[in-house]
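Colleague: Pasting a structure here, questions to come.
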Amino acid sequence: MVDEQISPDELAYHDDMNYAAELLENLHSDKALDYIAHFLQGVARSVADVGLEQAAIALAGKRAAGQTATSETAQIAGLIQQRLATKIAI
């Protein structure tokens with residue numbers, strides 16, 4: 001059996017970033033912020049986006065500890081906007 005190299009789907013990644021941005025803009029509860037942190041950890045891991053993954057882990061850690069996560073949330077929002085600003089080839 002040969003391991004096949006799988007490349008991340010840029011369009012799907014961009015869609016995931018749009019989805020996360022929409023969730024952040026329309027936060028209805030703290031549970032939504034928890035969901036965003038875990039969602040972004042998985043997305044970031046799947047495309048080897050270490051910076052986004054670390055930021056999502058930091059956000060999840062603050063939330064799990066019951067601490068305010070204002071700066072972590074702002075960092076996540078900024079990282080998402082950076083990723084959305086990157087043009088993708090269709």
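The values are calculated or read from the model by the stated rules, or taken from the named source; none is laboratory data. All figures in this text were calculated on a predicted structure; none of them were measured in a lab. Because the Cβ atoms are built from the backbone with ideal geometry, glycine has one as well, and the counts that use them run over all protein chains shown.
Colleague: Specify which of the listed residues (Ala32, Ala37) is at pLDDT 95 or above and in contact with a helix residue (DSSP H, G or I) (Cβ under 9 Å, 6 or more places away or on another chain).
Modeller: Details: Ala32 fails: at pLDDT 95 or above.
None of the other options fit; the residue is Ala37.
Colleague: Name the residues in region 43-62 that are in a helix (DSSP H, G or I) and loosely packed, with under 15 Cβ neighbours inside 10 Å, would you? Don't jump to the end; show me each part of the working.
Modeller: Of region 43-62, the ones in a helix (DSSP H, G or I) are 43-46, 50-62.
If the condition is that a residue be in a helix (DSSP H, G or I) and loosely packed, with under 15 Cβ neighbours inside 10 Å, then Arg45, Val50, Gly51, Gln54, Gly61 are the ones that fit.
Colleague: Could you say whether any residue in region 25-42 is touching a residue at least 24 places away in the same chain (Cβ under 8 Å), of a type outside the set (D, E, K, R) and either touching an Asp or Glu at 6+ places or on another chain (Cβ under 7 Å) or surrounded by fewer than 20 Cβ atoms within 10 Å (Cβ to Cβ) (or both)?
Modeller: no
Colleague: I need every pair where a residue in region 63-79 that is modelled with pLDDT of 95 or more and surrounded by 10 or more Cβ atoms within 10 Å (Cβ to Cβ) has its Cβ under 6 Å from the Cβ of a residue that is in a helix (DSSP H, G or I) and aliphatic (A, V, I, L, M), sequence separation at least 6 or different chains.
Modeller: Qualifying pairs under 6 Å: Glu72/Ala58; Glu72/Leu59; Gln75/Ala55; Ile76/Ala55; Ile76/Leu59; Ala77/Leu24; Leu79/Leu52; Leu79/Ala55.
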